[in-house]
Protein chains: 2
Amino acid sequence: MAEFDLIERIRARAIARDGVLLGIGDDAALLQVPAGHELAVTADTLNAGVHFPADAAPADIGWKALAVNLSDLASMGARPAWCTLSLSLPGDDTAWLDAFLDGFLGLADTHAVALVGGDTTRGPLSIAVTAMGWVEAGAALRRDGARPGDDVWVTGTLGDAAAALVLGGYVPIPLDGVAMPVVEAGNAAALRARLARPAPRVAVGRALAGLAHACVDVSDGLLADLGHICRRSGVGAEIELARLPASPALRAAYADDELRAALQAAGGDDYELCFSASTAAREA
Amino acid sequence: MAEFDLIERIRARAIARDGVLLGIGDDAALLQVPAGHELAVTADTLNAGVHFPADAAPADIGWKALAVNLSDLASMGARPAWCTLSLSLPGDDTAWLDAFLDGFLGLADTHAVALVGGDTTRGPLSIAVTAMGWVEAGAALRRDGARPGDDVWVTGTLGDAAAALVLGGYVPIPLDGVAMPVVEAGNAAALRARLARPAPRVAVGRALAGLAHACVDVSDGLLADLGHICRRSGVGAEIELARLPASPALRAAYADDELRAALQAAGGDDYELCFSASTAAREA
């Protein structure tokens with residue numbers, strides 16, 4: 001299948017949306033950022049064998065390639081709007097492509113994100129996405145706004161994706177002594193789902209815009225990502241490991257409190273938001 | 001060298017510019033499109049062994065990765081402003097990275113383009129770029145605006161890059177009977193320079209915005225790219241092959257008129273602009 005056919009296959013499934021004056025099909029897309037808003041832009045690439053196993057389900061790969069980018073927009077408090085997709089494929093497997101698009105465009109539809117450009121090339125499997133969105137002028141959640149005395153918050157639960165990596169035998173996390181647990185099938189599926197299909201916290205990020213002082217998404221691990229906020233903001237932080245939120249599946253997999261907390265603090269791939277806010281905002 | 005060190009190495013060399021409220025260093029960049037303008041966005045990836053030989057000079061690879069994207073913006077009549085760069089690298093070769101940045105950021109500086117985001121990952125050598133720019137509302141040069149009776153124009157000269165491909169023994173172009181010519185060293189260098197370092201026609205594109213009816217950049221070959229305009233605009237086109245502009249180096253390499261014209265019409269990789277305009281605009 002030639003490149004133009006692949007592009008046509010993708011274009012036929014891309015949705016329209018407000019702000020897209022011209023989508024796929026020209027040399028560049030033409031887009032309109034609403035007045036009084038700033039454009040938020042982020043880019044993240046997923047490579048086979050590095051960010052996902054080469055035999056991962058194509059729909060999961062598609063979902064995650066967009067999810068990690070929407071998570072970055074969420075952590076800025078931005079509303080996702082558009083994306084580009086550059087897809088390097090080893091062969092002409094249209095069944096693979098269709099399944100990939102099921103995941104990618106399924107998540108895009110959920111957040112009303114329009115695919116507006118990109119390309120397909122022959123090469124080792126690699127997915128490069130740039131996601132764009134907008135945020136009210138001055139309301140973006142940056143890393144450099146945390147203040148002394150702020151509370152530190154995290155959305156959802158932490159550690160499930162890291163546990164799934166341990167379960168899968170990948171363990172690319174620097175944790176000594178994390179043995180592979182024996183996990184009941186239902187719990188294992190729950191953990192793996194968090195790794196395969198992270199849910200970007202777009203609605204929470206929107207609600208936090210103009211309210212939180214600083215925000216980051218937890219992709220590298222809570223300690224590393226909170227460290228980014230601390231460095232940029234010139235503050236320190238204290239975390240009570242015992243109070244890190246854990247899912248029932250994670251508690252079942254790791255009954256040992258210390259082991260579980262280590263996984264939650266250093267594991268990463270959670271795509272939850274970590275943010276700081278004034279203690280006065282606790283009621284909000 | 002860890003990813004954060006690579007990013008810091010890149011960030012330290014990225015320039016600031018108007019419209020960049022927040023550059024590299026947060027989850028997303030924050031950018032400002034001037035009022036009354038539309039955002040133009042394009043994405044193009046270059047893979048080793050597909051778009052350039054694996055042993056190509058890293059500075060040339062960097063230059064070309066940005067150039068092919070700026071060429072897309074030029075063909076819309078847009079002013080380039082920002083880009084993201086996702087770089088997959090097989091190893092930790094900082095000398096390679098620095099040379100790559102010499103080419104990439106050298107061209108970026110020429111056009112006042114700010115690098116505002118991206119990532120670096122381990123993987124087969126691949127460079128995914130998204131370029132953004134802006135154009136006055138309604139003035140963009142689309143593919144679908146050509147009208148019956150328009151003149152067809154092309155900037156610069158065509159065929160040099162295709163000749164360099166033949167010279168290099170790559171010949172990924174579907175041309176029968178194109179023998180490798182014997183070319184004097186200076187001419188060979190001139191042809192190779194056009195392939196290695198195409199010059200995006202930004203200034204011409206800007207001058208054509210609001211003047212030309214339709215425009216495309218010549219990346220796939222003149223006939224294929226003009227075909228895009230014709231399909232989108234619902235028109236036909238006539239080209240006099242003998243009048244295609246050729247460089248002195250190309251004329252020296254291919255004295256045979258028909259062979260030269262075939263290379264110019266079907267070769268591609270020129271990154272010149274092909275546009276249509278009313279005959280009344282000939283004086284402009």
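Rounded to the nearest 0.05, what FRET efficiency do B:Glu238 and A:Asp144 have when you use their Cβ-Cβ distance and R0 = 60 Å? Walk me through the numbers on the way to the answer.
Details: r = 59 Å, r/R0 = 0.98.
Here the calculated transfer efficiency is 0.50.
Taking a probe of 1.4 Å, how large is the accessible area per residue of the protein assembly as shown, in Å²?
Working: 22540 Å² over 568 residues.
I get 40 Å² per residue for this part.
Go ahead and estimate [θ] at 222 nm for chain B from helices alone: -39,500 (n - 2.57) per DSSP H run with n ≥ 4, summed, over the residue count, rounded to 500.
Details: 9 runs with 99 residues, N = 284.
The helix-only estimate for chain B comes to -10500 deg cm²/dmol at 222 nm.
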Interchain or sequence-distant (5+) residues whose placed amide H lies within less than 5 Å of the amide H of B:Arg142 are B:Cys215
Output row for A:Ala95: copy-to-copy label distances, label 7 Å along Cα→C-beta, ascending, in nanometres, one decimal, is 4.8
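Ignoring ligands, DNA and RNA, what percent of the accessible area of the range A:150-278 is carbon or sulfur (1.4 Å)?
Values: 3110 of 5680 Å².
Whole-percent figure for carbon plus sulfur exposure: 55.
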With one decimal in nm and the nearest listed first, the spacings from B:Gly106 to its own position in the other copies, using label points 7 Å along Cα-to-Cβ, are 4.7
In the protein assembly as shown the DSSP beta bridges are antiparallel at a rate, in percent to nearest 5, of 75
Ordered by number, the residues of the range B:89-134 with at least 30 Å² less accessible area in the assembly than alone (1.4 Å probe) are B:Asp119, B:Thr121, B:Arg122, B:Pro124, B:Thr130
Within the under-13-Å Cβ sphere about A:Arg282, not counting A:Arg282, Lys/Arg +1 and Asp/Glu -1 give a net charge of -3
For the range A:240-284, the Cα convex hull volume per residue in Å³ comes to 104
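How fast does the protein assembly as shown diffuse by Stokes-Einstein, in µm²/s, taking the Kirkwood radius from C-alpha pairs at 4 °C and 1.567 mPa s?
On the way: Rh = 24.8 Å.
After rounding, the answer is 52 µm²/s.
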Cα-only Rg/Rh for chain B with Kirkwood Rh rounds to 0.99
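Once R0 is set to 22 Å, what does the formula 1/(1 + (r/R0)^6) return for the Cβ-Cβ distance between B:Ala95 and B:Ile15, expressed as a FRET efficiency to the nearest 0.05? Present the calculation step by step, with values, prior to reporting the outcome.
Working: r = 22 Å, r/R0 = 1.00.
Once the sixth-power term is evaluated, E becomes 0.50.
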log10 I(q)/I(0) for the range A:46-97, Debye formula on C-alpha points only (no solvent), q = 0.13, 0.30 Å⁻¹, two decimals, reads -0.38, -1.30
Projecting the Cα atoms of B:Thr155, B:Ala246, B:Val182 onto the charge dipole of the range B:150-278, where Lys and Arg contribute +1 and Asp and Glu -1 at Cβ, the residue farthest towards the positive end is B:Thr155
Per GNM of chain B with C-alpha springs under 10 angstrom, the most fluctuating residue out of B:Ala114, B:Ala161, B:Ala28 is B:Ala28
Rounded to one decimal in nm, the spacing of the 7 Å Cα→Cβ label points at B:Glu8 and B:Arg282 is 6.2
Heavy-atom accessible surface buried between B and A, both sides counted, 1.4 angstrom probe, nearest 100 Å², is 4000
The rounded separation in angstrom of the Cα centers of the range A:68-99 and the range B:54-69 is 24
Taking a label point 7 Å from the Cα of A:Arg231 along Cα-to-Cβ, the residues of the range B:1-45 whose backbone nitrogen sits under 14 Å from it are B:2-12, B:24-27
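Suppose R0 equals 30 Å. What FRET efficiency, 1/(1 + (r/R0)^6) with r the Cβ-Cβ distance, do A:Asp55 and A:Asp109 give to the nearest 0.05?
Approximately 0.70, to the nearest 0.05.
The values are calculated or read from the model by the stated rules, or taken from the named source; none is laboratory data. Keep in mind it's a predicted model, so treat the numbers as computed, not measured. Neighbour counts are summed over all protein chains in view; Cβ atoms, including those assigned to glycine, are modelled from backbone coordinates with ideal geometry. What goes into the accessible areas is simple: the full protein's heavy atoms, side chains included, and nothing from ligands, DNA or RNA. Shrake-Rupley method; radii C 1.70, N 1.55, O 1.52, S 1.80 Å.
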